[in-house]
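Student: Provided herewith is a single structure, encoded as structure tokens, for subsequent inquiry.
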Amino acid sequence: MTDKTVPQSGHVVPAVFTRDMLDWLPWLEPVAADRMTERQLASLVDAARVKSDYFRLLARDPDVLEARTRTDKDIFYNPDAGLPRAERELAAATTSRLNGCIYCASVHARFAATYSKRTGDVDKLLAEGVGADLDKRWNAIVAASVALTETPISFGPQHIDALRDVGLDDDAIVDVINAASFFNWANRLMLSLGEPTPAAS
Amino acid sequence: MEADVIDTLAGIAPGSHLDSVRRTRRAVAREHAQKSYDSLFAPADTGGFAPLERFAVAVFEAGLHGQAAIKEFYVARLRSAGATDALLAAIDAEIAAAATKGPYGAYPKGPLSGEDTQGPVHRVAGRNREALGPRLATAFEHVHMLVFHPRDAAPPSLQAMLDAGWTTDAVVTLSQLVAFLSFQIRVVAGLRVLAAKS
């Protein structure tokens with residue numbers, strides 16, 4: 001018996017990058033919330049994620065989901081040294097903008113705006129794309145994220161020089177590399193396993 | 001258990017400066033990037049996604065990124081998983097035929113349509129389809145889309161995988177494997193550049 005995708009229809013398709021809240025509709029059947037095994041529940045790491053179709057779909061491979069989630073949380077939330085949270089989120093939003101993940105960009109643009117208080121610059125990135133002129137420091141982080149996201153990867157010594165010029169030490173540069181690289185992981189899952197729609201208000 | 005694969009591929013030696021950054025500042029991310037690798041390439045249960053298929057996808061994806069050393073790392077493991085010379089030759093031929101530049105793709109019709117960029121939709125050549133088999137041939141077409149134009153993703157590509165004999169569970173694991181490698185390859189490339197500047 002061949003498995004089937006779950007077609008979605010009748011929903012509104014967001015056609016612009018936005019900081020608004022979006023929902024995400026799966027194209028493959030998530031594990032039903034009341035049929036999750038103990039291992040699958042544990043793989044969510046945050047129990048509240050059982051409400052998310054995205055995480056219950058990824059729970060079909062719980063070992064990978066748990067390792068993915070713990071990698072994600074350390075790269076973005078670990079407050080020890082490195083890049084300020086706002087700029088890790090800037091790298092995530094930039095990567096999502098370039099790859100074209102409207103859902104991921106909405107989440108991480110909100111975080112970047114919240115932590116930086118630079119809503120205008122974040123909105124400029126969303127509206128104009130990764131060529132937007134923000135300021136010297138943000139331009140360097142955006143350019144590095146873009147170079148890491150392109151295939152083939154175009155990240156080179158000039159990007160390290162530009163990041164050092166605006167005050168990033170090696171801990172912070174590793175955070176830029178990790179954050180942009182991680183969103184190349186996240187974007188591909190969100191883009192290929194489902195699609196966004198405006199959140200029910 | 002293998003040594004830390006990102007360290008191996010990025011040439012980060014124990015006790016080096018970047019080893020210290022990775023171990024002291026982001027120890028959890030380092031540990032779980034490795035656990036992700038282990039879960040994808042040496043899983044407790046390979047389910048409907050054989051080790052040979054996993055390493056074949058990895059060789060194809062590293063090749064699409066033009067990362068020769070990372071590709072060789074996965075070629076060695078693909079050989080250990082029992083790949084024939086004919087399979088390796090077919091993967092190389094597909095890499096040569098499929099390599100391009102990304103990301104490209106289309107947006108939902110509207111204000112972003114002006115940013116739509118065209119690029120190839122990869123189809124595995126008939127002569128390579130036999131060596132790859134229908135499951136891997138269909139997977140490679142999906143993988144090419146994920147690597148170069150993920151915003152073009154749509155349900156028919158997933159349904160093609162299911163029709164070629166992949167289960168929903170295996171499609172989720174394949175998606176994770178391709179997406180994880182997109183991460184791993186970039187971390188390695190980035191750390192190599194940083195190491196050379198340290």
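The values are calculated or read from the model by the stated rules, or taken from the named source; none is laboratory data. Since we're looking at a predicted model, the values are computed, not measured. All Cβ positions, glycine included, derive from the backbone under ideal geometry; neighbour counts span all protein chains shown.
Student: Looking at A:Glu29, A:Glu38, which one is among the acidic types (Asp, Glu), within 8 Å of chain B (Cβ to nearest Cβ) and more than 18 Å from the chain's Cα centre (by Cα)?
Tutor: None of the other options fit; the residue is A:Glu29.
Student: Could you list, in sequence order, all residues of the range B:19-41 that are free of Cβ contacts under 8 Å to residues at least 12 places away in the same chain, basic (Lys, Arg) and more than 8 Å from chain A (Cβ to nearest Cβ)?
Tutor: B:Arg23
Student: Could you please find all residues in the range B:164-198 being without any contact (Cβ under 8 Å) to a residue 24 or more places away in the chain, charged (D, E, K, R) and assigned to a helix (DSSP H, G or I)?
Tutor: Passing the criteria: only B:Arg186.
Student: Just name the residue that is surrounded by the most Cβ atoms within 10 Å (Cβ to Cβ) out of those in the range B:154-180 that are under 16 Å from the mean Cα position of the chain (by Cα) and more than 7 Å from every other protein chain (Cβ to nearest Cβ). Break it down into steps so the answer makes sense when it comes.
Tutor: First, the residues of the range B:154-180 that are under 16 Å from the mean Cα position of the chain (by Cα): B:170-180.
Checking which are more than 7 Å from every other protein chain (Cβ to nearest Cβ) leaves us with B:170, B:174, B:177.
Numbers: B:Ala170: 23, B:Leu174: 23, B:Leu177: 26.
Of everything passing the filter in the range B:154-180, B:Leu177 is surrounded by the most Cβ atoms within 10 Å (Cβ to Cβ).
Student: Which one of the conditions (1) touching a Pro at 6+ places or on another chain (Cβ under 6 Å); (2) surrounded by fewer than 18 Cβ atoms within 10 Å (Cβ to Cβ); (3) touching a residue at least 40 places away in the same chain (Cβ under 8 Å) does A:Arg39 fail to meet, given that it meets all the rest?
Tutor: (3)
Student: Filter the range B:42-91 down to residues that are free of Cβ contacts under 8 Å to residues at least 12 places away in the same chain and within 23 Å of A:Thr151 (Cα to Cα) and give me whichever is surrounded by the most Cβ atoms within 10 Å (Cβ to Cβ).
Tutor: That would be B:Glu72.
Student: Could you grab me the full set of residues in the range A:7-25 that are buried (at least 17 other Cβ atoms within 10 Å of the Cβ) and either at the interface with another protein chain (Cβ under 10 Å from one of its Cβ atoms) or among the hydroxyl-bearing types (Ser, Thr, Tyr) (or both)?
Tutor: A:Pro14, A:Phe17, A:Thr18
For (1) part of a loop (DSSP other than H, G, I, E, B); (2) closer than 18 Å to B:Arg192 by Cβ; (3) among the polar types (S, T, N, Q), each residue gets a yes or a no:
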position: B:Glu2; (1), (2), (3): yes, no, no
position: B:Thr8; (1), (2), (3): no, yes, yes
position: B:Val21; (1), (2), (3): no, yes, no
position: B:Val28; (1), (2), (3): no, no, no
position: B:Ser39; (1), (2), (3): no, no, yes
position: B:Arg54; (1), (2), (3): no, no, no
position: B:Val57; (1), (2), (3): no, no, no
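Student: List pairs: first in the range A:118-130 and modelled with pLDDT of 95 or more and assigned to a helix (DSSP H, G or I), second of a type outside the set (Gly, Ala, Ser) and surrounded by fewer than 15 Cβ atoms within 10 Å (Cβ to Cβ), Cβ under 9 Å, 6+ apart or cross-chain?
Tutor: Between residues of the range A:118-130 that are modelled with pLDDT of 95 or more and assigned to a helix (DSSP H, G or I) and residues that are of a type outside the set (Gly, Ala, Ser) and surrounded by fewer than 15 Cβ atoms within 10 Å (Cβ to Cβ), the close pairs are A:Asp121/A:Asp135; A:Lys124/A:Asp133; A:Leu126/A:Val16; A:Ala127/A:Val16.
Residue-wise test of (1) among the β-branched types (Val, Ile, Thr); (2) surrounded by fewer than 20 Cβ atoms within 10 Å (Cβ to Cβ); (3) touching a Phe, Trp or Tyr at 6+ places or on another chain (Cβ under 9 Å).
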site: B:Asp7; (1), (2), (3): no, no, no
site: B:Gly15; (1), (2), (3): no, yes, no
site: B:Val21; (1), (2), (3): yes, no, no
site: B:Lys35; (1), (2), (3): no, yes, no
